[in-house]
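Engineer: Mind looking over this structure? Questions follow.
The values are calculated or read from the model by the stated rules, or taken from the named source; none is laboratory data. None of these values were measured; they are calculated from a predicted model. Using ideal geometry, Cβ is built from the backbone for each residue, glycine included, and neighbour counts are taken over all protein chains shown. Side chains are part of the model used for accessible areas, which takes the heavy atoms of the whole protein and leaves out ligands, DNA and RNA. Shrake-Rupley method; radii C 1.70, N 1.55, O 1.52, S 1.80 Å.
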Amino acid sequence: MNYFTIDEKLPSFNDYQLACRRNKYEGAKLKSSIEDLIYTYVRWGIVRKTLFPVKSYPVEIRIEWHERTKKRDVDNIQSSKKFILDALVKQGILIDDGRKYVKQIRDTVKDDVKDYVLVEIIENGN
């Protein structure tokens, strides 16, 4: 199984949009900090040997968003998938995140006692 876990709550689209509205640098700073955070968890997945470069395309990405509270809308929660996919490409796990390489992204939001995100890559979209 090819997966990794982000043991934190990722910002919502509203958080990112608010940062962008504050000033032109704030949005870029937030995006950079989100990417750095995700890179750390991607690298931990590689070190733990649960995450490795994909060899067979296209893939399906399954993302479980575990939320401690019910305060955020589903679409806001799932908006960070863009940052996750970009991190997987930049770290060499995926060649690209275009439709030739990523066939489907399946999101599930689950109520939980802790905030975290589980990302699984299914090769050949099966």
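Engineer: Please pick out the residue among Lys24, Lys29, Lys55, Lys49 that is over 17 Å from the mean Cα position of the chain (by Cα), at pLDDT below 90 and of a type outside the set (S, T, N, Q).
Structural biologist: Only one candidate qualifies: Lys24.
Engineer: Filter region 65-96 for residues that are in contact with a helix residue (DSSP H, G or I) (Cβ under 8 Å, 6 or more places away or on another chain), open to solvent by 50 Å² or more (accessible area, probe 1.4 Å) and outside any helix (DSSP H, G or I) and give the result.
Structural biologist: Across region 65-96, the qualifying residues are Gln91, Ile95, Asp96.
Engineer: Would you check which residues across region 100-115 are open to solvent by 80 Å² or more (accessible area, probe 1.4 Å) and among the hydrophobic types (A, V, I, L, M, F, W, C) and list them?
Structural biologist: Val113
Engineer: May I ask you to verify whether Ile121 is in contact with a helix residue (DSSP H, G or I) (Cβ under 9 Å, 6 or more places away or on another chain), assigned to a loop (DSSP other than H, G, I, E, B), touching a residue at least 40 places away in the same chain (Cβ under 8 Å) and surrounded by 13 or more Cβ atoms within 10 Å (Cβ to Cβ)? Let's see the steps before the verdict.
Structural biologist: Values: in contact with a helix residue (DSSP H, G or I) (Cβ under 9 Å, 6 or more places away or on another chain): yes; assigned to a loop (DSSP other than H, G, I, E, B): no; touching a residue at least 40 places away in the same chain (Cβ under 8 Å): yes; surrounded by 13 or more Cβ atoms within 10 Å (Cβ to Cβ): yes.
The answer is no for Ile121.
Engineer: Now for a separate question. Among the residues in region 48-64, are any buried (at least 19 other Cβ atoms within 10 Å of the Cβ) and closer than 17 Å to Glu8 by Cα? Break it down stepwise before answering.
Structural biologist: Taking region 48-64 and keeping what is buried (at least 19 other Cβ atoms within 10 Å of the Cβ), we get 51, 54, 59, 61, 63.
Still in the list and also closer than 17 Å to Glu8 by Cα: 63.
Checking region 48-64: at least one residue is buried (at least 19 other Cβ atoms within 10 Å of the Cβ) and closer than 17 Å to Glu8 by Cα.
Engineer: Do you know which residues across region 36-47 are surrounded by fewer than 17 Cβ atoms within 10 Å (Cβ to Cβ) and touching a Phe, Trp or Tyr at 6+ places or on another chain (Cβ under 8 Å)?
Structural biologist: Passing the criteria: Trp44, Ile46.
Engineer: Also, I was wondering about something else. Would you mention how many residues in region 88-126 are under 15 Å from Thr5 (Cα atoms), of a type in the set (A, V, I, L, M, F, W, C) and in contact with a Leu (Cβ under 9 Å, 6 or more places away or on another chain)?
Structural biologist: Of the residues in region 88-126, 5 are under 15 Å from Thr5 (Cα atoms), of a type in the set (A, V, I, L, M, F, W, C) and in contact with a Leu (Cβ under 9 Å, 6 or more places away or on another chain).
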